[in-house]
Structure formats: C-alpha cells, structure tokens
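The values are calculated or read from the model by the stated rules, or taken from the named source; none is laboratory data. Since this is a predicted model, take the numbers as computed values, not measurements. No Cβ is skipped: glycine too gets one built from the backbone with ideal geometry, and neighbour counts run over all protein chains shown. In case anyone asks, the SASA skips ligands and DNA or RNA and just uses the protein heavy atoms, side chains included. Shrake-Rupley method; radii C 1.70, N 1.55, O 1.52, S 1.80 Å.
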Amino acid sequence: MRASLSLLYAAIASVVLAAPWDETWDVIVVGAGPAGLIISNRMSEAGKKTLLLEGGGPSYYSTGGRQRPKWLDGTDLSRVDVPGLYKSIFADQGNLTCTDSAAAFTGCTVGGSSAINAGLFFQPPASDFDNYFPDGWKAKDVKSAIDKCYEKLPSSEVYSQDGKFYLDSGYQAARKWLVDGVGYKEVQFNKQPDEKNGTFGRTVFDYIGGQRGGPTRVYLKEAENRTNFHLEMYTRVQRVERDGNTATGVLVKPVNGSVHTIKLNSGGRVILSGGALQSPQILMFSGIGDKAIQSNLSRAGVLDIKQAWIDNNAVGDGLFDNPNTFVELEGPTIESYVQNYSDPIKADADEYINHRSGPYSFASETSAFWDYVDRNDGTSAGCQGTIDSSGFGDYKSNQTITLNVYGTSGLKSRGKVILNDKLLPGPSPEVYYSDPQDAEDIATFIFRIFQGLDPTLLKPLNLPLNSSQQDIRKYITSETPYTRGEVNHFSSSCRIGSCVDTNTQVKGTTNIHVVDASIVEPLTVNPQFGTMIAAERAAELILKLK
C-alpha cells in the first residue's frame, strides 16, 4: 500500500508539473542522495517551492525501481529494497551507479549511494565534531541534527524481523578474538556512540521493517506529499547559471532531451548535493574553483564565457577516502555464507519474502570494531574493522570470512577531485597513502589485534599472523586484490571554512551552497550518518539566512 501511494503521489506531481523549466523555484537541489533528500525535504517543509533534480533514475520499488531477480517477481521489492542483495551491484550495476558521470563507483539514482551501499548506520563520536569541525559545527551544535536523524530513522542491531541473528559464526569468532583475546570492550555502538577506543559490537543498519531504509524511505516520502515539492529524475545539471556571484538557475540536460535553463525566484538558492566528486565538478563547470583549470574547461566549451571566473582553490581540494585492506580469515567454527542474486537457497528466499527475516535481511557485515592509534605529536588516527560473512578473492572456502580494515579520522593523506579526459570527476592518487604516517598507523592497528589472535580460532590466510609491523605496512601499501582498495566513502572535497562558509555557502558567491559529503571532515565511522547530520544542520543554518 505504501509503495502504491508513493507512486500515486509521483504520478499526480508529474501531471501538475509537466516540465520543471516551465516554472521558477525558491530552492533548486542538485542530487537526490542522502543529503539532497534531507535538505529538499526541509526546504519544502519550510514553505519553499523546492525542485530536486536527479541525474539517474529510480531505485527502490516505491520510487519506480523495477530491477530485480525473478525470485522477487510478484512482490513490491526491487533489488535495492533487499539488504542482502547489495553486493550484487558491484558485479551488475544495473544503471544504479555513475558509470557515465563519474570516474569512480558511486550511486547515481534516487537515494544516491545510500541506495547501493550496505546501509551501515553508525553515529560519529562527539570528538569528530569537536576535533575537526569549525565553530558552529561542534558536537553541541549538531545535537539537534542528530536527534532529527534518529527521529526519522531509529537504529537497531536487530534487523531480521524474527528477532534472530543470522550468519553469526563470524561474529562469535571475532568476539572471542577481540573481546576475550585482545581485551576490547563490547558495546552497543549507537547507544554508546563515543565509545570507539578499543570497542567491539554488532553492526548497526538503517533498515526499516527488514528492508533497506535510508532517507528515501522517510524524507522523500514526506516531501512527495507536498504540492511545493517536485522530484525530476533523469535530469543532469551541467552547471549553475549565475549573474556575477549570484546564481540565477541551473542549466540541465534531461536524458534524450534538449538543454534547458531552470530559473530561481528572486532570493532563491541553489544547493549542490551531488556528492564529494560531482558537486566540485559542477562548481568547476560553473566557473568556480582553482583558476589553473579554467583554460582547459574553456577549451572544452563547458563554461559560460559571459561570466568571470570565481577563484576558490578549495573546490575539490582535500578529498578523502578510507584506505582499506582485506584480511582473509579461516577457522573451524566458521560457516561461510554468500548471498546469491539470481538463485538463492529457496528456504532463505521464502523466509525473506514472507517474513523479512533470514540471511537476506541484512548486508552480510556481522560485527564491527574500532580503536585509535596515538601519535607522538599528540594527535591520533582512527581505525575500523568490519567482519563479513564470506571470503574474498582466492580465499572462498566454507570456513572463510573477511576482515575489512579501514583507516578513518585523523589520517593525513589528502587528494583532489580531478577531471579525466572526458571531464568526469574522480580521485587523484594522493588520496591513498600519500602521507606515510597513514600506513604506519593502520599497520600498528593490525599488528596490535594480531597479537591477541589465537590461530586455532582464526588463521589469517593472506597476511601471516607472525608478520612484523614493518611487514604489515609493506603489505597494506602494495598493489594486490586485497590492498589499497577504494572504499568509495568519498568526503571532504569542499570543506567548511575553506570551500564553503559555516552556512555551507560557497565562498565567493551569495546563494550557492554545497550540502553533502563534500563538506564533511573524515569521520571515525562510515560517512552516511555523518552526511545526514550535516544535511540536517545545514538546513537549520540555511533557513536562518535572509
């Protein structure tokens, strides 16, 4: 019923508004990812006539998404709705990702990356905001934003609707290793969000009723009920149109359509929420950024030659992603499990379809843990591990699981958003291990936890248990299928205080904002919750502006 109502509202909206370029708008939001969905909902809630533009198409069934395997026929589920199918998107992206608009794996669909990722939903510790964010964005400042996120998406460690934990052998083995062996403290992460120093616990997801949740399920649903809100899919923004330093609208090209200009009302605002790669690209195409790239963009014909370049060297600078390492682990108590897209075990498929329970009710990560590595200069680096329910690469026995190790907050390597020969945005090589301190910190983390690992419980397969810290550092920075991987948790490419001001307004402009992971500093946890917090906080600040 809910899906049918959502489609009905969308159909009504399409009748009322045939073409968004025939209207003028108070707010134009570019990108229907987590931040774009939140900020557009809050703008329309405040009475602003709000247009949300998405370059991709539908994802969840409720948005019109119909990509799915045959075993889901007859249900109101798309492949996106089923948490256990998220890994399949890496193999068959199915028009859900930015293959034609970014030189990286990221979501280009309603929900953005929140429609294709695992849905991990960890609240950042207060120290992230107090240590790395400017005044106005400290922990006390974002408290109301965090409360608003929980009001919409309450988190839970129990995702299967029958209240049971599945694929639990990896969790139990990891608990014996890290809690009993290393001495980590077992916690409930979102009930104790500041506990990230030597802590272990179950994963937390933002699922709703055993299905993928996220901002699409709540914020978009609310916004679609308002007559002053409209979502237009398959419409890619080429640049912000401006008169000097003031945005007047956006230049768009719908799929298989002609170029149009969508105009702002007087006093209106453009809010870029295309993600940490594409928002900087749009700013560059709009003649805002490092002046060194102006001539290349001029030759490519993407700039409005009537407008003077706005020099802002921080656009695209400081790009961050978590460097990751896979450690394959094998143990006698492990029962590996791989969720199958097209041919699942019938009993497991039935359990999910009929009861939203079983192995397909979550995205295969069974546990997570954190610690900080303190440095001699008084700073520290965060490190995170997650345990997956199966092996990877050459290590896929029925007794193998994968430990994924991330470097997180406090890492020093920074890169840039660079444009390739097709002008698609992607990460520069400096994003990963350009500062050797990062490798030292992550190697220290792995070396520490290896010291408490009983090889009769779990045996590392691709990285020997007796490796020295130097051996680990050399391995994690080498080029293998298990190392130097892009996690695609891109953030920090248009930072508050340098690229945008504390109201998220792009420096050098009067009414252009960036609200997405671009403005979020590297966090100790997966970036989705932090991005949502940033969007809620930005909405509060933008609505206070004249």
Electrostatic dipole magnitude of segment 133-194 [Cβ: Lys, Arg +1; Asp, Glu -1; Cα centre; debye, to 20]: 80
Rounded percent of accessible protein surface that carbon and sulfur make up, the chain, 1.4 Å probe: 49
Protection proxy ranking of 131-140, 521-530 - average other beta-carbon atoms within 10 Å, highest first: 521-530, 131-140
Using a Förster distance of 30 Å, the FRET efficiency for Ala19-Asp147 (Cβ separation, nearest 0.05): 0.20
For the chain, share of DSSP beta bridges that run antiparallel, in % to the nearest 5: 70
Length-normalised contact order of segment 254-379 in % [C-alpha pairs under 8 Å, at least 6 apart]: 15
Cα shape, segment 191-325, gyration tensor, a/c 1.5 rule: oblate
Lone cysteines, the chain (no partner Cβ under 4.7 Å): Cys149, Cys383
Listed residue (Leu297, Ala276, Val82) projecting farthest to the positive dipole end of the chain, Cβ model: Leu297
Protection-proxy order for peptides 49-57, 166-174, 269-277, each taking the mean of Cβ atoms within 10 Å per residue, highest first: 269-277, 49-57, 166-174
Set Lys291/Lys412; Lys49/Lys263; Lys176/Lys196; Lys416/Lys507; Lys253/Lys544 screened for pairs whose C-alpha atoms are more than 22 Å apart: Lys291/Lys412; Lys253/Lys544
Average Cα contact separation per residue, segment 59-184, under 8 Å, 6 or more apart, as relative contact order %: 14
Average accessible surface area per residue within segment 68-138, 1.4 Å rolling probe, Å²: 33
